[in-house]
1. Which one of these is over 23 Å from Val337 (Cα atoms) and of a type in the set (Ser, Thr, Tyr): Ser224, Ser276, Ser260, Ser229?
2. When you check His348 against the structure, is it under 23 Å from Ser40 (Cβ atoms) and either among the aliphatic types (A, V, I, L, M) or within 16 Å of the ligand (Cβ to nearest atom) (or both), yes or no?
3. In the set Leu13, Leu46, which member is surrounded by 17 or more Cβ atoms within 10 Å (Cβ to Cβ) and in a loop (DSSP other than H, G, I, E, B)?
4. Among Glu287, Glu239, which is more than 10 Å from the ligand (Cβ to nearest atom), over 26 Å from His453 (Cβ atoms), within 23 Å of the chain's Cα centre (by Cα) and modelled with pLDDT under 95?
5. Working carefully through the options Ala309, Ala297, find the one that is away from the ligand (no atom under 15 Å from the Cβ) and either among the charged types (D, E, K, R) or farther than 20 Å from Ala374 by Cα (or both).
6. Can you tell me which residues in region 360-412 are within 10 Å of the ligand (Cβ to nearest atom), of a type in the set (Phe, Trp, Tyr) and touching a Phe, Trp or Tyr at 6+ places or on another chain (Cβ under 8 Å)?
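The values are calculated or read from the model by the stated rules, or taken from the named source; none is laboratory data. Owing to the predicted nature of the structure, the values given are computational and were not obtained by experimental measurement. Don't worry about glycine lacking a Cβ; one is built from the backbone with ideal geometry, like all the others, and counts go over all protein chains shown.
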Amino acid sequence: MKIIHWLREDLRLFDNPALHYAASQGDVVPVFIYPEGLGSASYWWLHHSLRHLADSLREKGVPLILRTGEPTVVIREIAKDIDADAVVWNRVYSPSGITLGEAMKCELSRDGVANQSFNGQLLIEPTKIFNKQGKPFKVFTPFWRHCLSVLNPSELLPKPDFKKHSMHLESDSLDDWGLRPTKPDWASGLKRLWQPGERGAQDRWHRFIETSANKYLGGRDFPSKPNTSLLSPHLVFGEISPRQLWHDTNECIAIQAVDSSNGNKFLSEIGWREFSRYLLVHFPSIEERPFNERFNAFPWQDNSVLIEAWKRGKTGYPIVDAGMRELWHTGYMHNRVRMIVASFLTKHCLSHWKHGMDWFWDTLVDADIANNTASWQWVAGCGADASPYFRIFNPILQGDKFDKDGTYIKQWVPELKDLPKKYINKPWEADELTLSVANVKLGKHYPFPIVDHTQARNAALAAYQVIKQ
Ligand SMILES: Cc1cc2nc3c(=O)[nH]c(=O)nc-3n(C[C@H](O)[C@H](O)[C@H](O)COP(=O)(O)OP(=O)(O)OC[C@H]3O[C@@H](n4cnc5c(N)ncnc54)[C@H](O)[C@@H]3O)c2cc1C
């Protein structure tokens with residue numbers, strides 16, 4: 001039996017349901033098709049992840065086939081060329097991913113090629129979870145409580161053993177896809193922090209369990225501390241399965257290697273990942289429009305000078321600038337700081353959340369339609385179960401609370417490295433002598449605040465009144 005495995009967001013061998021099934025049935029041809037529309041940082045990640053996957057498959061005697069084109073056309077062509085008996089894949093839960101999966105099913109069935117899709121991306125199928133009224137959940141806590149009461153993820157699947165076969169298929173060259181930046185090569189910071197691919201994912205996961213999981217609950221909000229897993233890009237590309245995280249965490253709790261409050265908090269964050277995909281499946285319009293329709297009338301101001309200063313990390317608010325520069329250099333930003341910078345853009349700058357979402361999409365290595373959309377709407381106050389719009393983060397207090405000694409700020413905003421702690425979140429309050437001893441001339445080395453916190457807060461609240469009435 002000849003089976004095509006259409007790789008999508010599942011670039012791994014371990015616990016890969018569709019790949020495992022394919023290998024158990026016959027000769028497997030793994031095919032990955034160039035995905036349109038990813039951001040620049042994601043393309044960088046994809047290059048390395050595919051390189052790693054191709055190596056792992058080659059070690060097992062199976063070549064990875066890369067192709068470009070409309071996926072239903074490409075897969076049907078290959079199916080015809082090799083006279084395939086079946087095509088399998090793991091489902092993708094974004095609106096375009098669902099549409100493509102359905103089109104693939106339809107076209108293959110019309111051609112008389114057997115096909116089957118699997119859940120390799122979520123703990124629980126979004127279409128199986130409803131509230132007591134039979135409607136989709138809109139609030140996280142009852143959603144996750146319900147999930148916990150029914151969750152029973154199946155056992156993990158080993159890496160498959162493949163049968164060697166002699167089918168020879170043309171493949172694009174990965175280098176010809178040009179996924180990496182060249183002129184200029186802005187990826188040096190990404191290379192230092194990340195090891196894309198399945199092995200990198202497993203290493204990161206085991207390091208987290210061994211060194212940080214027990215600090216997760218109390219430590220996950222402090223951006224200078226390595227207390228979170230850094231698994232997000234690995235999860236986005238499917239290099240590790242959420243089922244493995246679920247089983248391993250519960251096993252660690254059972255043997256008391258991780259205490260239950262830390263382990264369960266970590267799993268509830270995996271729950272947020274499930275929830276954002278769940279929302280996108282049941283309310284696909286949120287990719288484009290606010291979940292709370294009242295926000296369609298919100299008077300966003302979209303000042304391009306403010307948006308540009310925000311992107312470049314030059315707002316004059318050190319915690320915001322540190323976050324934006326961490327993002328630019330590493331393709332990542334700590335979750336607490338993501339909330340602060342998103343609040344700053346949508347509330348202090350009164351800019352539409354889509355500007356932020358688009359910038360994140362291009363610069364994050366973990367850019368993910370579901371998490372990005374749900375999180376931006378959550379911060380902007382227009383999402384499901386959102387933080388209310390009138391709750392406006394004060395970037396000075398947030399900095400003082402979560403980066404008290406300025407370690408994180410000094411790492412990413414080195415021009416402030418000699419400023420005393422007292423002023424690290426509000427350099428404009430330092431006297432001339434203090435600034436001069438720290439070698440900071442405001443307006444020259446580091447900007448004055450682009451907006452005044454109190455005035456910006458009042459303007460945001462006034463704008464909110466427009467849609468509240
Ligand atoms: C404005 C904004 C935009 C965001 N955009 C993205 C995005 O594009 N892609 C993305 O993966 N995450 C996004 N997040 C969520 C979160 O910031 C990251 O998932 C997290 O920082 C990743 O770091 P980690 O892997 O160390 O997380 P950990 O704390 O170790 O959490 C483990 C995993 O749980 C999931 N998770 C954690 N927090 C959240 C959350 N709030 N919502 C959904 N899932 C979560 C992630 O898959 C994460 O890898 C965004 C958050 C905000 C506020």
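1. Ser260
2. no
3. Criteria check complete, one pass: Leu13.
4. Glu287
5. That would be Ala309, the only listed residue that is away from the ligand (no atom under 15 Å from the Cβ) and either among the charged types (D, E, K, R) or farther than 20 Å from Ala374 by Cα (or both).
6. Phe360, Trp376
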